[in-house]
Amino acid sequence: MKLDNLKQLYIHELNDLYSAENQILEALPKMVEATDDSRLKNAFMKHLELTKHQVRRLEEIFDQLGEKAESSKCEGMKGIIKEGESFIKKDKSFFRGDIDNDVLDAALIASAQRVEHYEISGYGTARTYAKHLGYTEQASLLQQTLDEESRTDRELTELAESSVNIKAAK
């Protein structure tokens, strides 16, 4: 895609977010399985459901624009997810003897928050582009997702500070 105007850059950003969200849909079940902490497991499952809705919102925006999401891979999210998955074996079990379960949970939260921060940045940018382009409804949909991502980040911080990091520090 040639990028010579803001609308094309906006569509590029939406494609990046679409790819990122779909990569997250693949990664979250591995994170759910990797943790034994029930609160963290529930937080990851909740985010999985939110992510499904966020993908649908992006698809709605693409429909409104008369565009189709491209299949290019978001390399930024790919790297963040790869880093997070380095704590989990491919068979989704812990690195027995190499990482304590509580420390793994702390690492999973840190990885999840890196994901959230990437998404917050991307959705904030896309929402701003939508506003400048006069796409009020799309800006509202993107703001809704941005609010969800910010709330998830805060919930992960609360979980880390109130229990997971405390257990990992012992």
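Each reported figure results from applying straightforward, stated rules to the coordinates on display, with no laboratory input. Since this is a predicted model, take the numbers as computed values, not measurements. Because the Cβ atoms are built from the backbone with ideal geometry, glycine has one as well, and the counts that use them run over all protein chains shown.
Between residue 155 and residue 12, the C-beta separation translates, for a Förster distance of 30 Å, into a calculated FRET efficiency of about 0.50. Computed from Cα atoms, the angle from the helix 75-85 axis to the main principal axis of the chain rounds to 10 degrees. The Kirkwood hydrodynamic radius of the stretch 115-170, based on inverse pair distances between different Cα atoms, is 12.5 Å. Size of the stretch 1-65: Rg and Dmax of its alpha carbons, in Å, are 15.2, 49. Go ahead and set up a Gaussian network model of the chain, Cα springs under 10 Å, then flag whichever of 150, 71, 111 fluctuates most. In this elastic network of the chain, the residue with the biggest mean-square fluctuation among 150, 71, 111 is 71.
In straight-distance terms, cross-link reach from residue 170 covers every one of the aspartates and glutamates whose alpha-carbon lies under 18 Å from its own, apart from those fewer than eight places away in the same chain; here that gives 36, 37, 98, 100, 102, 105, 161. Here the Karplus relation 6.51 cos²θ - 1.76 cosθ + 1.60, evaluated at θ = phi - 60°, turns the backbone of the stretch 154-168 into coupling constants of 4, 5, 5, 4, 4, 5, 5, 6, 8, 8, 4, 5, 5, 5, 5 Hz, with x for every Gly and Pro. Computed per residue of the chain from DSSP H runs no shorter than four, each worth -39500 (n - 2.57), the mean residue ellipticity at 222 nm is -26500 deg cm²/dmol. Equivalent-ellipsoid semi-axes for the chain (Cα gyration tensor, √(5λ), whole Å, largest first): 33, 16, 12. When the listed pairs 41/131; 7/30; 41/167 are checked against a 25 Å cut-off, the alpha-carbon distance exceeds it for 41/131; 7/30.
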